[in-house]
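Here's the structure, in structure tokens; my notes come after.
The values are calculated or read from the model by the stated rules, or taken from the named source; none is laboratory data. Model, not experiment: these values are computed from the prediction. Here the Cβ positions follow ideal geometry from the backbone for every residue, glycine too, while neighbour counts run over all protein chains shown. Note: areas computed on protein heavy atoms with side chains; ligands, DNA, RNA excluded. Shrake-Rupley method; radii C 1.70, N 1.55, O 1.52, S 1.80 Å.
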Amino acid sequence: PTSDDTPEVLNRALSNLSSRWKNWWVRGILTLAMITFFFIIIYLGPMVLMTIVMCVQIKCFHEIITIGYNVYHSYDLPWFRTLSWYFLLCVNYFFYGETVTDYFFTLVQREEPLRILSKYHRFISFALYLTGFCMFVLSLVKKHYRLQFYMFGWTHVTLLIVVTQSHLIIHNLFEGMIWFIVPISCVICNDIMAYMFGFFFGRTPLIKLSPKKTWEGFIGGFFATVLFGLLLSYVMSGYRCFTCPVEFNNDTNSFTVDCEPSELFQLQEYNIPLVLQSVVGWKTVQMYPFQIHSIALSTFASLIGPFGGFFASGFKRAFKIKDFANTIPGHGGIMDRFDCQYLMATFVNVYIASFIRGPNPSKLIQQFLTLRPDQQLHIFNTLKAHLVDKGML
């Protein structure tokens, strides 16, 4: 059954409007509130952003697991909720432990307890998972085996979708705030513009899973998002606080985002294709190379990103629910807002690994310094011989 979760203040203010326009205003006001909150957490810095990502991940996991519990709760399965949250803890311990070791290597090596935990991190993670696995086997109840294995699979697929991909969001953040903000903003822009174009001009249904989605909204959202991505990238590429990788300063024990901008964020001159020169009247244009990458990001956010939403719609229809939860009036649950974001995060991470990221000299030096003196000397002599052969020494 559906219920009206709109705040009473908005209900009274919009009481004279039709349900269509009332929903439009409710969604619009709450969208502006969420965008304002998004700007605030960006201003507060990387640490707050990572905390918010963690909170969103936990809430999304809770919403999906609660659906499973509500569907099957009559069987009173033992330990189901306890084991679900235990597996969430195990997976987060594994992923965040890997991140700490990777990005805070010097800090880990400096503290004895952290060094021990880092050295045996994967063994500890595996031992924690095995404990949960054994607890699950011990909880099996006769006549309910199949159902319990369904729920075991439900939990693991939820972990794969939510935890793994939220972890990739944090990895993107460490590459530079711009790799976090632009993709998320493109998804938000596409969601808003597709809704606006669909609301005012929509006539042709797009997909049966989402009857309200239209081709007009889909196409209008695409062009608006690509243009938005280009403009946002141009503005953000000029600020070091957005373009520099997020690094941990061991002297101050804090995050820093100060560096010499890479070539991606330095203005370059590009020739305009002959076909377009007669239209725009220019032969060349100055752009940041990142803007070209932003076209790929915004295109994915517009054309493939919505399939995350369609997937979520199919999931909700399978269990005959309207939304994952009623956390945000007019929008549903947190998972309803982040269904496309997780797919986008995976794409950005793969894109950076494939086309952007190269070897990191500082990490190589950190690892070099942890080797035994004889190993360091061997590497030094090998590197020296290589540079002599190339004529550089």
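General observations
- Residues of region 226-246 that turn out to be in contact with a strand residue (DSSP E or B) (Cβ under 7 Å, 6 or more places away or on another chain) and either farther than 14 Å from Phe180 by Cβ or modelled with pLDDT of 90 or more (or both), as a count: 0
- Counting only helices (runs of 4 or more DSSP H) that sit wholly inside region 111-225, those with at least 1 residues that are under 24 Å from Ile352 (Cα atoms) are 164-174, 177-201.
- The condition (being surrounded by 13 or more Cβ atoms within 10 Å (Cβ to Cβ), in contact (Cβ under 8 Å) with a residue 60 or more places away in the chain and not assigned by the TED database to the domain that holds Thr158) is satisfied by just one residue among Gln366, Gln376, Gln341: Gln366.
- Hits in region 332-374 - residues which are touching an Asp or Glu at 6+ places or on another chain (Cβ under 8 Å) and either closer than 28 Å to Phe315 by Cβ or among the aliphatic types (A, V, I, L, M) (or both): Gly332, Gly333, Ile334, Met335, Asp336, Cys340, Ile352, Ile356
- Residues being modelled with pLDDT under 80, touching an Asp or Glu at 6+ places or on another chain (Cβ under 8 Å) and part of a helix (DSSP H, G or I) are entirely absent from region 23-41.
- In this structure, Val182 does satisfy being at pLDDT 90 or above and open to solvent by less than 50 Å² (accessible area, probe 1.4 Å).
- Test: Phe315 is among the aromatic types (Phe, Trp, Tyr), surrounded by fewer than 16 Cβ atoms within 10 Å (Cβ to Cβ) and not in a loop (DSSP other than H, G, I, E, B): no
- Of residues in region 96-117 being open to solvent by less than 50 Å² (accessible area, probe 1.4 Å) and over 25 Å from the mean Cα position of the chain (by Cα), the one farthest from Ser84 (Cα to Cα): Leu107
- Selection count where residues are within 30 Å of Glu175 (Cβ to Cβ) and either open to solvent by 60 Å² or more (accessible area, probe 1.4 Å) or touching a Phe, Trp or Tyr at 6+ places or on another chain (Cβ under 9 Å) (or both), scope region 318-336: 6
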